[in-house]
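Read through the structure below, which is laid out as structure tokens, and then see the notes.
Rule-based calculations on the coordinates, nothing more; no lab input. Treat the numbers as computed from the prediction; the structure is a model and nothing was measured. Cβ coordinates were reconstructed from backbone atoms using ideal geometry, including for glycine residues, and neighbour counts include every protein chain displayed.
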Amino acid sequence: MKNTPNIQMVDVVGQYRRIKSEIDEAVLGVLGSGQYILGKEVAEFESAVARYLGVKHAVGCASGTDALQVALMALGIGPGDEVVTTPFTFVATTETVVLLGARPVYADIDPMTFNLDPARIERAITPRTKAIMPVHLYGHPADMDPMVELSRRTGIPIIEDMAQAIGAEYRGTKVGSFGAFGCISFYPSKNLGAFGDGGMVVTNDDALAERVRMIINHGSRVRYQHEVLGVNSRLDALQAAILRVKLKHLNAWLDARRRAAEVYNRLLDGADDVVRPIEAPYARHVYHQYTLRLKNRDRVAARLAERGIPHAIYYPIPPHRQEAFREFGAGSFPISEQAAAEVLSLPMHTELTEEQQAFVVDAVKSVQQGK
Ligand SMILES: *Cc1c(COP(=O)(O)O)cnc(C)c1O
């Protein structure tokens, strides 16, 4: 067997090295500016994201989790309210609902896209439902048309958790503008990653944008006047300056991810019992993750580990099975539970080489061929 090439799950340092001079200059500019929170850098980055996504307003905040929380707060969601969401996601989606005293109500997923199944959302709606929260998981957009139709019919707003999906498209339109809010994460490993935490809320609604601006800054527009209950969740100027540089490269990076996904797809073509990720006819997938479904997932994961190949399971335990959320959103969600038992994400980032991918795929196939 060949020596293990140095493969990483996510290569944030390799990406930085390619644009080091641009990033360093932006960072040094902020250090000398004296403006470290909000201010000009954040405002310019917000405008750049709004233009990129084709939305009217973008408001920076401290993390993707906070973006979800302030969006829920801006809609006035609290005790007694329900939010219909997916049981196959990162914990933040459920956590923010529970933190505000509301109740997550789960609807199961579409087994092919891993995203909320629109037909099941409708059955989960009650008179207490105050929001629908789809997640564009792994960078593949959820099926928005039926959700938008349901939202119009019922008046229940949609909050898109687009933490993994900046730049993904649904029928040619970038995600983030289908609901009342789109919530972005700039966690370092995300497709547009900061060098620390960061997040953003986007919306086309002027009044909601204004409300979010107040909430992220202690509920205040004018210093020491507090109109609504808020939090301290502001974006750092340093992160905004870095992200503004990185945003210019985002389309090229998303193309690189899509090319890497095509290479995996080709190399895995015909492999037994390996379900490759799909791209639905309505979708432009941005491959935050390249995630397989495997009946013998744990054996494949063990083989990858033996060969020193990074891999991950997003997510092994659905929120309704987590200790912290035991009393919320009970129920049986067999499609999500089966996905949790079968998914395996392979290394995916902008710096992958075809040789590295061949090495990864060889390890996957070696198990499937019983070697
Ligand atoms: C990363 C992520 C979040 C939270 O973002 P942070 O910036 O880490 O707080 C929320 N939802 C999903 C689906 C995510 O992947």
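Assorted remarks:
- Taking each DSSP H run with n ≥ 4 as -39500 (n - 2.57) and averaging over every residue of the chain yields -12500 deg cm²/dmol at 222 nm.
- Between GLU279 and SER33, the FRET efficiency estimated from the beta carbon spacing at R0 = 35 angstrom works out to 0.25.
- With kT/(6 pi eta Rh) evaluated at 10 °C and eta = 1.306 mPa s, and Rh the Kirkwood radius from Cα pairs, segment 249-371 diffuses with a coefficient of 101 µm²/s according to Stokes-Einstein.
- Here segment 24-182 is described by how far its Cα atoms reach on the three principal axes: 55, 36, 25 Å, from widest to narrowest.
- Over the chain, relative contact order from alpha-carbon pairs under 8 Å, at least 6 apart, %: 22 percent
- Computed over segment 75-123, the P(r) curve from all C-alpha pair distances, binned at 10 Å from the origin, holds 29, 48, 22, 2 percent per bin.
- THR126 versus ARG223: modelled label distance in nm, points set 7 Å from Cα along the beta carbon direction: 4.7 nm
- Placing a label point 7 Å from the Cα of LYS56 along the Cα-to-Cβ line, the residues of segment 190-208 whose backbone N sits under 11 Å from it are 203-208.
- Counting Cα-Cα pairs of segment 88-158 in 10 Å increments starting at 0 gives whole-percent bin shares of 20, 54, 26, 0.
- With the gyration tensor restricted to C-alpha atoms of segment 221-295, the semi-axes of the equivalent ellipsoid amount to 41, 18, 11 Å, longest first.
- Using C-alpha pairs below 8 Å separated by at least 6 residues, the relative contact order for segment 161-221 is 25 percent.
- A Cα-only calculation for segment 1-85 places Rg and Dmax at 19.3, 59 Å.
- Approximate spin-label separation ASN296-ARG18, in nm, with each point projected 7 Å along Cα-to-Cβ: 3.6 nm
- Relative contact order computed over segment 237-371 (Cα-Cα under 8 Å; 6+ residues apart), in percent: 34 percent
- Under the simplified labelling scheme, the ALA43-GLN8 pair shows an inter-label distance of 3.6 nm, with each label point 7 Å from Cα along Cα→Cβ.
- Number of Lys pairs (Cα under 22 Å; 8 or more positions apart or on different chains) in the chain: 18
- Look at the Cα gyration tensor of the chain: its axes a ≥ b ≥ c give a/c of at least 1.5 with a/b at or below b/c, and that counts as oblate.
- q = 0.19 Å⁻¹: log10 I(q)/I(0) that the Debye formula gives for segment 173-233, counting C-alpha atoms only: -0.80
- Considering only ALA312, PRO347, ALA168, the residue lying farthest towards the positive end of the dipole of the chain is PRO347, judged by Cα position with unit charges set on Cβ.
- For the listed peptides 274-285, 74-85, 56-67, a ranking on the average number of other beta carbons within 10 Å per residue, highest first, reads 56-67, 74-85, 274-285.
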